[in-house]
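Read through the structure below, which is laid out as structure tokens, and then see the notes.
The values are calculated or read from the model by the stated rules, or taken from the named source; none is laboratory data. Predicted model only: the values in this text are computed from it and were never measured. Cβ atoms come from the backbone with ideal geometry, glycine included; neighbour counts cover every protein chain shown. With ligands, DNA and RNA removed, areas are computed over all heavy atoms of the protein, side chains included. Shrake-Rupley method; radii C 1.70, N 1.55, O 1.52, S 1.80 Å.
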Amino acid sequence: MTDNKFVLSWVEEMKALVKPANVVWIDGSEEQLESLREQSCKSGEMIRLDQEKLPGCFYHRTAQNDVARVEDRTFICAESAEEAGPTNNWMDPKAAYEKLGKLFDGSMAGKTMYVIPFIMGVLGSPFSKVGIELTDSIYVVLNMAIMTRVGIQAEKQLGDSADFTKCLHACKDVNPDERWIMHFPQDNTIWSINSAYGGNVLLGKKCLALRIASYLGKKEGWMAEHMLILGLENPKGEVKYIAAAFPSACGKTNLAMLIPPAILKGYKVYTVGDDIAWIRVGKDGRLWAMNPEAGFFGVAPGTSNKTNPNALATTMKNTIFTNVFLKDDNTVWWEGMDGDAPASGIDWLGNPWTPESGVKGAHPNSRFTAPAAQCPCISPEFESTEGVPLSAIVFGGRRAKTAPLVYQSFNWNHGVFMGATMASETTAAAAGQVGVVRRDPMAMIPFCGYNMGDYFQHWLDMGTKTDKLPLIFHVNWFRTNADGKFIWPGFGDNIRVLNWILARCAGEVDAVETAIGYLPKKEDLDLTGLDISDEVLDELLSVDKEVWLEETKGIGEFFAKFGDRLPKELAAELENLKARLSK
Ligand code: GTP
Ligand code: SPV
Ligand code: MN
């Protein structure tokens with residue numbers, strides 16, 4: 001246990017509020033974690049999977065009404081509604097503390113309160129942040145122990161400082177009507193109640209490493225982004241780094257662990273991170289990115305030996321599976337895994353299931369929590385206290401039409417405009433309707449901890465800090481044909497697009513200038529071994545001016561929300577785009 005007096009007095013204060021029967025400090029030791037696993041299996045909270053086939057692996061089901069992030073119940077309790085901005089829910093901080101204070105009061109009566117000190121970032125890095133999460137859920141403790149660096153190392157990182165994020169979580173009775181995920185950026189505090197699911201309760205992840213961190217980044221001159229980070233090695237043995245922002249369930253984990261098709265010899269991808277990047281200007285003037293997480297909380301459905309063998313391999317030991325399908329042999333399955341569906345088993349709801357049941361065996365947002373270090377292609381720089389230097393930043397989304405396979409911005413400000421006007425079809429990662437196109441700037445609409453107009457300004461400001469900026473691109477793996485089928489093969493073949501991106505960064509290839517940005521010349525995309533017709537390629541690289549003019553209307557409406565908080569540079573970029581499209 002720590003002797004940091006700021007930590008001790010806050011824990012005492014929260015203890016007085018939630019009134020647990022006892023308090024357990026998480027030291028991060030394997031003995032302690034193992035005894036918690038034991039305990040949660042006894043209580044039925046977790047199931048130990050077949051330890052020969054899946055050593056160290058466990059299974060967990062959440063409540064049926066608690067299977068995804070809840071954006072409508074997530075609040076930024078900044079000092080004013082204006083500070084939270086038009087894209088966030090806001091509640092007055094005093095009112096929010098009062099409202100949740102009543103719900104938390106006595107919420108851990110008869111239960112154990114676990115105190116989890118954790119680091120977001122690498123131990124010993126000056127760019128890491130420390131948080132302390134108080135929770136009544138062993139499932140949360142065990143997930144945090146995979147996703148972050150917990151225990152004594154975190155206390156060491158904090159020392160006697162008061163600079164830590166105060167995270168309070170109680171499952172209470174997982175009542176969706178009283179579920180609240182509240183952020184108090186000015187107090188470096190997060191309160192979450194009545195959920196036991198992923199991003200709502202693993203408070204180091206979206207709550208701290210994006211919402212609170214984006215606010216801190218704005219104040220301190222760095223950026224917290226919803227981005228994967230990968231290193232791409234070419235046949236000459238050179239490794240270049242790319243960060244990419246795609247909305248939830250739009251392909252970050254897959255791209256971060258990509259395996260190039262065998263026919264393209266000498267290329268290899270290394271994973272630095274699959275979800276979050278903290279980015280700052282390094283001593284050399286380049287932008288450097290660090291992954292603050294220690295694990296992957298990845299989407300299970302669709303993960304197979306064909307699509308993402310590295311992810312699958314990562315989950316073969318020491319992994320917690322949530323809301324997937326439980327097979328009769330005490331292993332797991334989900335839709336889109338290799339081979340046939342199992343003949344029988346138990347679905348994510350706990351009901352007996354067969355392929356004829358007519359419902360999904362695994363929830364579409366079922367997930368695995370796996371240690372990043374187990375990933376076969378984990379980057380040698382994963383534990384670097386400095387992170388990695390970026391050559392390119394990539395934005396992307398799920399667009400059946402409109403956005404071409406890849407295009408490059410004319411310059412930094414135009415790239416910020418591209419990010420700020422991203423749109424994507426919604427997915428099962430958040431509660432609500434799936435498949436509707438919404439604006440999701442930089443894939444941060446659910447995760448920006450302050451006024452998004454100011455966030456755009458922050459991006460523009462970062463562009464003035466150095467002349468060694470990465471180039472900015474936009475990709476779309478999800479174009480469909482008239483039958484609704486994806487026309488780009490995606491997955492491992494996405495390397496072909498990354499190679500063009502890095503060739504552009506190295507000044508090795510020319511491009512076609514269009515109204516929306518630079519597109520590849522067909523001959524510059526290496527399509528060796530790919531069975532793709534010229535018509536499909538034309539379609540993938542087409543820019544329909546009519547459709548894009550329509551798009552500018554939607555962008556205009558979206559920008560109007562920000563009033564005078566919209567940077568004038570972005571308003572100008574929109575006018576320029578319209579002018580280019582009308583030419
Ligand atoms: P979060 O963890 O929610 O932030 O998601 P993510 O962005 O990491 O997405 P992930 O890589 O888990 O992919 C989500 C879904 O998209 C999975 O079902 C994948 O199989 C699918 N997917 C990923 N990449 C591609 C691709 O290149 N093409 C197609 N068609 N589907 C893809
Ligand atoms: C996402 O939804 O973007 C995730 C999963 O990465 S969660 O941790 O639930 O936010
Ligand atoms: Mn994510």
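Some notes on this structure:
- Listed by first and then second residue, the pairs with beta-carbon distance under 6 Å, at least 6 apart or on different chains, first residue in segment 68-85 and without any contact (Cβ under 8 Å) to a residue 12 or more places away in the chain, second part of a loop (DSSP other than H, G, I, E, B) and open to solvent by 50 Å² or more (accessible area, probe 1.4 Å), are Ala81/Trp90.
- Once segment 219-251 is narrowed to residues that are open to solvent by 10 Å² or more (accessible area, probe 1.4 Å) and within 19 Å of Gly387 (Cα to Cα), the residue that is nearest to ligand 1 (Cβ to nearest atom) is Tyr241.
- Test: residue in segment 84-94 that is surrounded by 21 or more Cβ atoms within 10 Å (Cβ to Cβ) and at positive phi: yes
- Of all residues in segment 482-499, none are within 19 Å of Asn89 (Cα to Cα), in contact (Cβ under 8 Å) with a residue 40 or more places away in the chain and not acidic (Asp, Glu).
- Only a single item in (1) away from ligand 3 (no atom under 13 Å from the Cβ); (2) more than 20 Å from Ile378 (Cβ to Cβ); (3) hydrophobic (A, V, I, L, M, F, W, C); (4) open to solvent by 10 Å² or more (accessible area, probe 1.4 Å) is not met by Ala213, and it is number (4).
- Within segment 36-63, the set of residues being among the small types (Gly, Ala, Ser) and loosely packed, with under 12 Cβ neighbours inside 10 Å comprises Ser43, Gly44.
- Within segment 380-391, not a single residue is surrounded by 23 or more Cβ atoms within 10 Å (Cβ to Cβ), of a type in the set (A, V, I, L, M) and within 22 Å of Val512 (Cβ to Cβ).
- Screening Met108 on (1) outside any helix (DSSP H, G or I); (2) open to solvent by 60 Å² or more (accessible area, probe 1.4 Å); (3) touching a residue at least 60 places away in the same chain (Cβ under 8 Å) shows it passes everything except condition (2).
- Strands (runs of 3 or more DSSP E) contained entirely in segment 1-84, each with at least 3 residues that are over 30 Å from Tyr455 (Cβ atoms): 22-25, 58-60
- Any chance Lys236 is free of Cβ contacts under 8 Å to residues at least 60 places away in the same chain and within 16 Å of ligand 2 (Cβ to nearest atom): no
- Sole residue being at negative phi and either open to solvent by 20 Å² or more (accessible area, probe 1.4 Å) or part of a loop (DSSP other than H, G, I, E, B) (or both), chosen from Ala370, Ala400: Ala400
- For segment 257-284, filtered to residues that are surrounded by 18 or more Cβ atoms within 10 Å (Cβ to Cβ) and over 22 Å from Gly237 (Cβ atoms), the residue that is farthest from ligand 3 (Cβ to nearest atom) is Arg280.
- Among the residues of segment 311-336, those that are assigned to a helix (DSSP H, G or I) and either touching a Cys at 6+ places or on another chain (Cβ under 8 Å) or at pLDDT below 95 (or both) comprise Ala311, Ala313, Thr314.
Residue-wise test of (1) in the same structural domain as Asn175 (by TED's automatic domain parsing); (2) closer than 17 Å to Glu30 by Cβ; (3) among the aromatic types (Phe, Trp, Tyr); (4) in contact with a Ser or Thr (Cβ under 6 Å, 6 or more places away or on another chain).
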{"site": "Glu98", "(1), (2), (3), (4)": "yes, no, no, no"}
{"site": "Asp105", "(1), (2), (3), (4)": "yes, no, no, no"}
{"site": "Met108", "(1), (2), (3), (4)": "yes, no, no, no"}
{"site": "Gly124", "(1), (2), (3), (4)": "yes, no, no, yes"}
{"site": "Gly131", "(1), (2), (3), (4)": "yes, no, no, yes"}
{"site": "Val140", "(1), (2), (3), (4)": "yes, no, no, no"}
{"site": "Ala145", "(1), (2), (3), (4)": "yes, yes, no, no"}
{"site": "Ala154", "(1), (2), (3), (4)": "yes, yes, no, no"}
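- Hey, Ala362 more than 15 Å from ligand 3 (Cβ to nearest atom), within 27 Å of Leu577 (Cα to Cα), of a type in the set (Gly, Ala, Ser) and part of a loop (DSSP other than H, G, I, E, B) or not: no
- The residues of segment 129-171 that are among the β-branched types (Val, Ile, Thr) and assigned to a strand (DSSP E or B), listed by number, are Val130, Ile132, Thr135, Val150, Thr165.
- Residue within segment 328-335 that is in contact (Cβ under 8 Å) with a residue 40 or more places away in the chain and open to solvent by less than 40 Å² (accessible area, probe 1.4 Å) present: yes
- Applying the condition of being of a type in the set (Gly, Ala, Ser) and at pLDDT 95 or above to segment 441-491 and asking which residue is farthest from ligand 3 (Cβ to nearest atom) yields Gly463.
- Scanning segment 3-32 for residues that are open to solvent by less than 20 Å² (accessible area, probe 1.4 Å) and more than 21 Å from Ala170 (Cβ to Cβ) yields a single hit, Asn4.
- Within segment 233-256, restricting attention to residues that are more than 16 Å from ligand 3 (Cβ to nearest atom) and among the basic types (Lys, Arg), the residue that is nearest to Arg496 (Cα to Cα) is Lys240.
- Selection status of Ala244, touching an Asp or Glu at 6+ places or on another chain (Cβ under 8 Å) and within 16 Å of ligand 2 (Cβ to nearest atom): no
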